[in-house]
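Enquirer: Submitted below is the structure of interest, expressed as structure tokens.
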Amino acid sequence: MAVAITHYKGDMLFETEVGEQRIQSDVTPAMGGKGRAPTPPDFFVVSLGSCVAAFVANYCQQKGIDATDLKVQTYFEKAEKPVSLTGFRIDIELPHADCHDRDAAIRRVAEHCIIHETLAQWKDFEIRLLDRQALADQG
């Protein structure tokens, strides 16, 4: 199983190792963040938008569609009860392409990005707490 490991660096700053990469994240000012890095919800939205962009760009490349200056804008709102991200809308801009005959295909490709597919099927989610005793027991 693949793993991303997040370390608390102090002062509400975090660093996550994913593969060979290291990514820092901060939290909102309300939680003590200082604007040093994107927040976890920011990364969630970035992940969705960049995944859609990658899938669309790949499709365009395969089909000979001009993806120059491709832009994906991911719009969202933050709900309060329960606290969550909601109201997502993704706009895909292909300013140098004529897509009318491939509009539906491009939309399907966007929906098949791994992040969108994961969200659409999300059922399996487990949270475990491993405190000092539980870690010692795993030994």
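Here, each number is a calculation from the coordinates, and none is a lab measurement. Source: prediction; values computed, not measured. Cβ: placed from backbone, ideal geometry, glycine included. Neighbour counts: every protein chain shown.
Enquirer: Using a Förster distance of 30 angstrom, determine the FRET efficiency expected from the C-beta separation of K123 and D98, and round it to 0.05.
Expert: The formula returns an efficiency of 0.15 here.
Enquirer: Here's a follow-up. Along the Cα→Cβ direction, 7 angstrom out, place labels at A57 and E17. What is the inter-label distance in nm?
Expert: 2.8 nm
Enquirer: What net charge is computed for the residues neighbouring K71, neighbours being all others with C-beta under 11 Å from the C-beta of K71, Lys and Arg scored +1, Asp and Glu -1?
Expert: -3
Enquirer: Of the cross-linked pairs K9/K34; K9/K81; K34/K78, which ones have a Cα-Cα span greater than 23 Å in the structure shown?
Expert: From the list (K9/K34; K9/K81; K34/K78), the Cα-Cα distance tops 23 Å for K9/K81.
Enquirer: Report, ordered by chain and residue number, the lysines lying within cross-link reach of K71, taken as a straight Cα distance under 25 Å and ignoring same-chain residues fewer than 8 apart.
Expert: Result set, ordered by chain and number: K63.
Enquirer: Treating only the Cβ of Lys, Arg, Asp and Glu as charged (+1, +1, -1, -1), what charge dipole size does segment 47-138 show about its Cα centre? Round to the nearest 20 debye.
Expert: It comes to approximately 160 debye.
Enquirer: Rank E117, E126, E77 by mean-square fluctuation in a GNM of the chain with C-alpha springs under 10 angstrom and give only the top-ranked residue.
Expert: Top of the fluctuation ranking is E126.
Enquirer: Which of these, I23, I90, I114, has the largest mean-square fluctuation under a Gaussian network model of the chain (Cα springs below 10 Å)?
Expert: Among I23, I90, I114, the largest GNM mean-square fluctuation belongs to I23.
Enquirer: DSSP loop (so not H, G, I, E, B), at most 10 other Cβ within 10 Å: list which chymotrypsin sites (Phe, Trp or Tyr not before Pro) in segment 84-139 pass both filters.
Expert: W122, F125
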